[in-house]
Amino acid sequence: MSDEQPGDVRDTLSGLERRLREIEGELRSGAAEPGVEKAAAAGSGKDDPGSGGGDTRRPSAFLIAGLGAAALLIVVGIVVLASADSSTRSSSAGSGEIVLGAGLSGSGEVAGPAKLSGVRAARGNAAAEACAGTAGAALVIVQPASKTVGCDGLKELVTMSLSATAVAQRGGAKRCLRASQVAAQLRRPARGLTRQRAARVLKARRAAGAKAKASGTSGAAIINAQRRAAATAGSNFDAANRLSLTKVRGPSGKCVAPTAATLRSGAYPLSVRVALLARPDSASNANITEAEATLRKALSGAVPVEAAVKR
C-alpha cells in the first residue's frame, strides 16, 4: 500500500481526529457540568463498600461509549484506507465488496463508508452476507461475542485486537473480577484518577497522530502510532500511581491478566477483537488483500486499555 494518501483518506483521518477532540472536550468539561454526570449516573449501582473518595467514581456510559466508538471508527477508517488506495476491481459483482458488521458502521464521523467503492455497511448480518455470496468479505467483531460468527465456507484472513477494558487499582494484580463487575465500574461517572487516566491517554494519542502525519507516513502507520502511544500512556499512568490492572475470569473459569501477550492474542476475555472473513473465491481480490494488509499494519503491536480506576 502506498504511503501517499488520497483526498478521501485524509478526510477520514481528519474525521477521526475531530471525534477524539470532542471526547477530550467532554473529559475536560464534565466536571463543570454536574447535571450531565448525575444523569449519566442514573441507574448505576452504588459504590463498593469501603471505596470512598472522589477517585472511586467511574466513566459514564456516554464517555465509555464515546471512547469505544472512537476506537471502532479507526477500524472503519482502516478499511476505507485500504479500499480507497486499491486500484484493481474484480469484474464479478460483490466479489471484492467488504461489508462492515454491527458496531463498525452507521457513524456520521466516517462520512458515508457505504458510498465508497468496495466498502459498505451490512444490510443485515455482515458475515451472513459473505456466506450467501452477496459480498466478498466481512469485517466483524468476534470478541467479546456470545456465538460463532460466520459459516464454514468463510476463510478467516486476519483477526486482530482493537482495544480492551479493565479495572485498575492498587493490588489489582492479585484480584480477579467477573466481566460484569468490570462493566459496572466502567458505567460510573469519570472522576479523579479515572478521568486523569483517560485524558492522559487521549493526549498521547493525539500527539502521536500529529507527529506521524507530519512525517508523511501511511494512514495505517499513523493509526499504529496512535495506538502504541495510548497503550504506553495508560501503562505509565498506572505505574506512576502504583496501579495494576485486575484479572478477569473467562468463560472457562480461569482468571486472565491483561498483559501485552494476552491482549494481542485475545486470551484476555475483555479484549475487543475484529476479524476479516472472506469467501475463498474472493480472498485474493485486490480490495480484500489491501484491507488485510492494512489491518495487520495498523493493529499490530501494543493494545490500548480503557480502565476505570478503583481506589
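The values are calculated or read from the model by the stated rules, or taken from the named source; none is laboratory data. Since the structure is predicted, the reported quantities are computational estimates derived from the model, not experimental observations. Ideal geometry is used to build each Cβ from the backbone, glycine not excepted, and the neighbour counts take in all protein chains shown.
For the reader, a short list of remarks on this structure follows.
- Residue check, Ala122 farther than 30 Å from Ser235 by Cβ and either in contact (Cβ under 8 Å) with a residue 40 or more places away in the chain or among the hydroxyl-bearing types (Ser, Thr, Tyr) (or both): no
- Among the residues here, Ala190 does not qualify as in contact with a helix residue (DSSP H, G or I) (Cβ under 6 Å, 6 or more places away or on another chain), at pLDDT 95 or above and within 24 Å of Lys310 (Cα to Cα).
- Among (1) in contact with a strand residue (DSSP E or B) (Cβ under 9 Å, 6 or more places away or on another chain); (2) without any contact (Cβ under 8 Å) to a residue 40 or more places away in the chain; (3) part of a helix (DSSP H, G or I) - the single one Ala231 does not satisfy: (2)
- Scanning segment 125-158 for residues that are closer than 25 Å to Gly250 by Cβ and either free of Cβ contacts under 8 Å to residues at least 12 places away in the same chain or surrounded by fewer than 17 Cβ atoms within 10 Å (Cβ to Cβ) (or both) yields Pro144, Ala145, Ser146, Lys147, Thr148, Glu156.
- Extreme residue, modelled with the lowest pLDDT, among residues of segment 143-158 that are assigned to a loop (DSSP other than H, G, I, E, B) and more than 30 Å from Thr194 (Cα to Cα): Lys147
- All conditions but one from (1) touching a strand residue (DSSP E or B) at 6+ places or on another chain (Cβ under 9 Å); (2) at pLDDT 95 or above apply to Gln185; the one that does not is (2).
- The single condition from (1) at pLDDT below 90; (2) in contact with a strand residue (DSSP E or B) (Cβ under 7 Å, 6 or more places away or on another chain) that Gly219 fails is (2).
- Applying the set (1) buried (at least 16 other Cβ atoms within 10 Å of the Cβ); (2) in contact (Cβ under 8 Å) with a residue 40 or more places away in the chain; (3) not hydrophobic (A, V, I, L, M, F, W, C) to Ser265 leaves exactly one unmet item: (1).
- Boolean, Arg242 is modelled with pLDDT of 90 or more and in a loop (DSSP other than H, G, I, E, B): yes
- Hits in segment 84-133 - residues which are modelled with pLDDT under 75 and among the basic types (Lys, Arg): Arg89, Lys115
- Tally, over segment 257-281, of residues that are within 30 Å of Gly96 (Cα to Cα), in a helix (DSSP H, G or I) and of a type outside the set (Ser, Thr, Tyr): 1
- Complete set of residues in segment 283-305 that are of a type outside the set (A, V, I, L, M, F, W, C) and surrounded by 24 or more Cβ atoms within 10 Å (Cβ to Cβ): Asn285, Asn287, Thr294, Pro304
- Neighbours by Cβ (under 7 Å, 6+ apart or cross-chain): first from segment 197-226, in contact (Cβ under 8 Å) with a residue 12 or more places away in the chain and more than 19 Å from Val303 (Cβ to Cβ); second hydrophobic (A, V, I, L, M, F, W, C) and not in a helix (DSSP H, G or I): Ser218/Met1
- Assessment of segment 246-260 against the conditions (closer than 30 Å to Val119 by Cβ and in contact (Cβ under 8 Å) with a residue 60 or more places away in the chain) yields no matching residue.
- Being within 28 Å of Glu290 (Cα to Cα) and more than 21 Å from the chain's Cα centre (by Cα) is a condition met by at least one residue of segment 217-231.
- Of all residues in segment 159-180, those being assigned to a helix (DSSP H, G or I) and buried (at least 17 other Cβ atoms within 10 Å of the Cβ) number 1.
- Selection status of Ala278, without any contact (Cβ under 8 Å) to a residue 24 or more places away in the chain and in contact with a helix residue (DSSP H, G or I) (Cβ under 9 Å, 6 or more places away or on another chain): no
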